[in-house]
Amino acid sequence: MKKVIAMLLMVILMGNLAGSQTFAKQYKEEMRAVWIATVSNIDFPKVKDNAAMQQAEFIQKLDELEDMGINTVMVQVRPKADALYYSTINPWSDVLTGVQGKYPGYDPLAFMIEQAHKRGMEIHAWLNPYRITSSGTDLSALSEGHPARLNPSWVMTYNNALYYNPEVEGVKQHIEDTIEEIIRNYNVDGIHFDDYFYPSGYPLPAGEGPDGVVADSRREHVNEMVRRVSEVIEQVDPEVEFGISPMGIWKNNNTDPTGSATGGSQSYYTVYADTRTWIQNEWIDYVVPQIYWETTHKTANYETLVSWWANEVKGTDVKLYIGQGIYKDTVAKELTKQLDINKRYKQVEGSVYFSLKDLLNNRQGVADQIRTYYTGDVQIPEIPSIPEVPSTPEVPSTPEIPSIPEEPSVPEIPTKPELPELPQDLQITPVDLKGIVTGNNLNIRSGPGTQYTSLGKVHSDTVVDLTGEAQGWYKAVLADGTAGWLSSDYVAPIPVGSEIKLVLDGKLIVPPVAPVIRNETTLVPLRVISENLKALVDWNKETKMITITKDGEEIKLVIGSKVVWANGNEKSLTTAPTMIEGTTMVPIRFISENLGASVDWNSKQKIVSILSN
């Protein structure tokens, strides 16, 4: 809200100038942001315990984002009650070194701020306020001096994970202190929370309803935390913006007539997040609802939700950005259509993309769409200072009103240049292999040579189908069906007969324990599959039962048993889940297909390919 006030003041002061409309348009901000997730090293860093490689990786990612027109990064600096920055109250995050509390050899947040600002980008510090662990409830496993370990009364356990209890005053003060520490010590442009508040589905006591006393009390505790964070930011540095990215649905209109015409999970009840109250009280400067559905979705239609949220921020100083779920193929391939819808609503002032990995991998051509959509350099400009008015100004003569240039006629759309044809005598040696791209931003071309047109870019570690070879180039087919040629200098064929390879959405995954085949069933580490397919896993040590959930789908397995349950229906496996080197191994096809993914097996090269939906 602070920057909006400054902008309005500037526009008012300039209002008597003929060019005021041009000025306002020139300095209008549009959020073009991406989330950079560090929890489980989703987006960053790829390599642990190597400061130089982490810095080089971040620089490369920012360079690619700058090239696309992205002007803001939202970096997760507190994934699990820890820190990617110097802190006196939170331990160093284990995503940096593999060991919680271990100094990574540099200050990641300071480095990120320097690199972002050098490119004219904003950087918002993204924090999860309550999560302590994603899996595991042993407080002694946390680093010495961890606030949760020192204050066990702050902690609640649910679904085999630890959380700070939102009801505890010490927790509220700790979150407030964490925010104050960041904005006093670092030149961040914003503080950002995601959609995690109470654990999703945290049960109510017997006899209590979703609109009862206990539920209302939970929402009020979250409200108080949000209000206090807003106040400390305003007191310490009012130029720092505060934003939250809630679930895409506040309430459905079948539970509240003022809710959206949808039928999905409601943040008001699921995680006790009352976003409407935050907006109406203007405790936040911006809101980023995660509208992660496609325009044809039957129960959570994209435009229905954009329209609802646009109406929610009307009459407030709260800015609305849309969270775009480009990690889904159905969303990524229609992103241009979604951005066009956003333009219809003047309240929508930009987009935030989840996540960086999918953007840089150009899922369904999404990076190409964004680069095309965001033409020209996009930077958030400084508002120029207003020149002092002289004490005895001369009265100027009536200025000539500049003539309005005629609108140019609609230019002819140039035809695309013809692609060079392949020579008729080109000798192509057929091959039938899969290969791994070893170079980043590798051009895929229309023919075997640099003289041929680039059809797009391919990123490092992408797995491609190789169908032919000629003149030092491979004829290749990408996961999205794009066919072209890649230089053999930057493609490594996967050897026939090598150990089993795991490929998910075109990317090679290296699990801690290699996949194995037993009774013609491929077993893979459960954690690798669940995390990459964005499923939740609950492990009961006593019964040895594993429960996997995603988007309403539920799978139950027991270590050592061939009996499984998919959405309550009992089924039988050929091979039972087992433990190998302390790692839970599960049948990949059964798990993946029941979570909505497809599986393909290349027996020649021993490659398991999973395509998520």
Residues whose built amide H sits under 5 Å from the amide H of residue 327, excluding neighbours closer than 5 in sequence, are 354, 355
What's the ranking of 351-359, 363-371 by average number of surrounding C-beta atoms within 10 Å, highest first?
351-359, 363-371
In nm, to one decimal, how far is the residue 56 label point from the residue 168 one, both placed 7 Å along Cα→Cβ?
4.3 nm
Label zone at residue 102, where the point sits 7 Å out along the Cα-to-Cβ direction: the range 133-171 residues whose backbone N lies under 14 Å:
143-144
To the nearest 0.05, how large is the calculated FRET efficiency for residue 280 and residue 157 if R₀ is 35 Å and r is the Cβ-Cβ distance?
0.55
Site residue 258, offset 7 angstrom along Cα→Cβ, radius 20 Å on amide nitrogen, limited to the range 204-226, gives 210-213, 215-224, 226
Quick check: residue separation of residue 40 and residue 562 times 0.36 nm, minus the Cα distance between them. What number comes out in nm?
184.9 nm
Loop-located trypsin sites (Lys or Arg not before Pro) in the range 489-589 whose Cβ has at most 13 other Cβ within 10 Å (DSSP):
534, 541
Using alpha carbon centers only, the range 312-328 is separated from the range 63-128 by a whole-angstrom value of 23 Å
What is the gain in length, in nm to one decimal, between residue 177 and residue 234 on full extension, counting 0.36 nm per residue of separation less the C-alpha to C-alpha distance?
19.1 nm
Rounded if a/c is under 1.5, else prolate if a/b is larger than b/c, else oblate: which is the range 135-234, with a ≥ b ≥ c the root eigenvalues of its Cα gyration tensor?
oblate
Could you pull out every one of the aspartates and glutamates with an alpha carbon less than 13 Å from that of residue 251, ignoring same-chain neighbours closer than 8 positions?
211, 274, 312
Under the Karplus relation 6.51 cos²θ - 1.76 cosθ + 1.60, θ = phi - 60°, what is the ordered set of whole-Hz ³J(HN,Hα) values for the range 475-491, x standing for Gly and Pro?
7, 10, 10, 7, 4, 8, x, 4, 10, x, 10, 10, 4, 5, 5, 10, 10
For a label point 7 Å along the Cα-to-beta-carbon line of residue 543, residues of the range 126-153 with backbone N under 16 Å
none
Reachable aspartates and glutamates from residue 46, criterion Cα separation under 13 angstrom, eight or more residues apart if same chain
57, 94, 461
For the range 501-611, state what percent of all Cα-Cα pairs lands in each successive 10 Å bin, counting from 0 Å until the bin that includes the largest distance.
14, 52, 31, 3, 0
Of 343/475; 457/501; 80/541; 333/434; 298/562, which ones are farther than 29 Å apart at the Cα?
343/475; 298/562
Report, in debye and to the nearest 20, how large the dipole of the range 501-611 comes out about its Cα centre when Lys and Arg carry +1 and Asp and Glu carry -1 on their Cβ.
340 debye
Difference of contour (0.36 nm per residue) and Cα-Cα distance, residue 311 to residue 86
77.0 nm
What is the range 501-611's relative contact order, in percent, from Cα pairs under 8 angstrom and six or more apart in sequence?
26 percent
Debye sum, Cα scatterers, the range 240-364, no solvent: what log₁₀ I/I(0) at q = 0.10, 0.14, 0.17, 0.18 1/Å?
-0.29, -0.57, -0.84, -0.95
Count the net charge of all other residues whose Cβ sits under 11 Å from the Cβ of residue 364, scoring Lys and Arg as +1 and Asp and Glu as -1.
-3
When the dipole is taken about the Cα centre of the range 531-596, and only Lys, Arg (+1) and Asp, Glu (-1) are charged at their Cβ, what size is it in debye, to the nearest 20?
160 debye
Please name whichever of 490, 449, 476 sits farthest to the positive end of the charge dipole of the range 429-493, dipole taken about the Cα centre and charges placed at Cβ: Lys and Arg +1, Asp and Glu -1.
449
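FYI, it's all coordinate maths here, none of it is from the lab. Predicted model, so just to flag it, every value in this text is computed and none were measured. No Cβ is skipped: glycine too gets one built from the backbone with ideal geometry, and neighbour counts run over all protein chains shown.
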